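Throughout, read-outs are computed from the coordinates displayed, never taken from laboratory work. No experiment lies behind these values; they were computed from the predicted model shown. Backbone-built Cβ (ideal geometry, glycine too); neighbour counts: all protein chains shown.
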Amino acid sequence: MKKFAVCLTLLLLFIYVPAGGAAPIKAYVSEFSVTGGQNKDELKGVLQTLLTTRITSDAVTTLDNKTGAEVIVSGSYLQIGKVFSIDAVARDVRGNVVTRSFVQGESQDELIAAVGKLAQVLAGGIAKNYVPTVSSQPVAPVAGAVTVPVVAPPTDIVRPVDIIKPSTAEKAVDAATQPDIIRAAPVAKSVGGGWVSQRLTGVMSGIALGRTLENGEREVFVAGNRTLKYYQMGEGLKLVAEVSTSGEEKILGVDTADLDGDGVQEVYLTVLSGESLVSRVYLADGATLKKIADNLPYFMRGMALAGGKKKIYVQQMSSDTDFYGDVYELVKSGDRYEMKNPLKLPRFAFLYNFNQFKDREGKTNFVVIHPDGYLMVYSASRDELWRSSDKYGGSEVYFQRPDLSNFRTTGDPMRWIFLQQRITVTGSGEIVVPQNGGFWVVGNSRSYGKSAVVAFAWDGSSLEERWRTRQSQNYLADYAFDETRKELVLLEAVKKEGLLDKGASALYIKKVE
């Protein structure tokens, strides 16, 4: 009887041991495979991060790498049109399926919610179905067993330099497995490259270069949504003068050009007030910014078409068309400004996304950034000649206009119109284009997190890459190419704007030689 009582007591103790003390299951979410859609490379990491943060629960914890993981989650993303499907499967370390699930959505606006739903299902399935291994302790090595050395994986650290140019020189590779591979070799820095300004308060959106002064300093004009700042750039940036907009006015861009030929470049500021363009022109005198023209009804952009003389080009806005009519050259006659010499653009082109270049035969072609980001080349007769497979450009600068006619479709009473990065064509015919990427574009919200500047040359059939800057981990808001000095002056957002934070920007100089 006594023996029976002892056994019964032990049994009850075993039954009532609380299960809450069990350690959570360690899971690792690997990078997704992506088919279809935009920004494939960025989307792989974004989906991995979203699922990693959302699958964590009382029963499941996530790791940053596979080491020590008990469950590995892999997933795939497929997009056809606007419809997407996400499939995911969780396996244990032996490769056995623990659980699997999928979600679908009708548009990108549903993506984050869909990942959250998928994470809940996977976490529940892992907690319910996962069977731990018999022992998680390391197995002692058997005496006499041969120890196999572990080979460290090749490093993925690349030391940054300013400019990378493709080179025909390459290390020997296995021709059977890696034919036609040309590795890019870094070009040594030139003296004077690598300059970085001090941190500037606010996320600025535009930059333009002015004169080089007698002391060697350069005038630089930097614009934000509501401010224009006049700097002199030497060892650092010295703020000389500043002007601000008022009310609902928003600055969309800043450019410089010497239209009257007096040796002093005017500063052209594109300003939108409500639904009206009220652009203005300033003159920098070394100490102040003097307004010399106001209420100009134009979008304005400084360009050197086909690598020629830099001029200011304009386009108008109508009551129902954002960029109306042809692009015109802006001509300064005394104190007056007039539109002359209209230029008819090819399909998809508007003031902010095109330039021209000449081919080997001297014919003038157009280069345009498509609304979806593809780089396109058109002939002088506006026929499409070529289109890139990668995407370029990308800007966070936008303005809004009422659009109630599409409210039922978009759910937004306003239409968002994004501008585009400037395309520069040099005197030697190189086509310089920025390339922003790195984060996510959902609906009307855009946020870029990395950037580079790429130069191309037309070989008669397609654009071939000549050089590119080392990738930056910042959004490139705008840039200027000083062809005389062979320098890129980059305006980058080094910290995003927040609810209680204005963010920050900085200027970088990269030598191109």
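Key figures for this structure:
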read-out: Area projected by the alpha carbon convex hull of segment 196-351, averaged over all directions, nm²; value: 10.4
read-out: Cα shape, segment 195-511, gyration tensor, a/c 1.5 rule; value: rounded
read-out: Pairwise Lys count, segment 25-129 - Cα closer than 29 Å, eight or more residues apart or different chains; value: 16
read-out: Segment 403-479: chymotrypsin sites (Phe, Trp or Tyr not before Pro) in DSSP coil with no more than 11 other Cβ atoms inside 10 Å; value: none
read-out: Nonlocal amide H pairs with Val494, under 5 Å, H built at 1.01 Å; value: Ala504, Ser505, Ala506
read-out: Ordering of 122-128, 344-350 by packing [mean C-beta count within 10 Å, highest first]; value: 122-128, 344-350
read-out: Volume per residue of the C-alpha convex hull in segment 329-384, rounded to whole Å³; value: 97
read-out: Vicinal HN-Hα couplings computed from phi for segment 251-256 (Karplus, 6.51 cos²θ - 1.76 cosθ + 1.60; Hz; Gly/Pro x); value: 7, 9, x, 9, 8, 10
read-out: Cα gyration tensor shape of segment 313-460, rounded if a/c is under 1.5, else prolate or oblate by comparing a/b with b/c; value: oblate
read-out: Amide H contacts under 5 Å for Val60, placed H, 5+ residues apart; value: Ile25
read-out: Debye equation applied to the C-alpha atoms of segment 25-129, log10 I(q)/I(0) at 0.16, 0.20 Å⁻¹; value: -0.63, -0.96
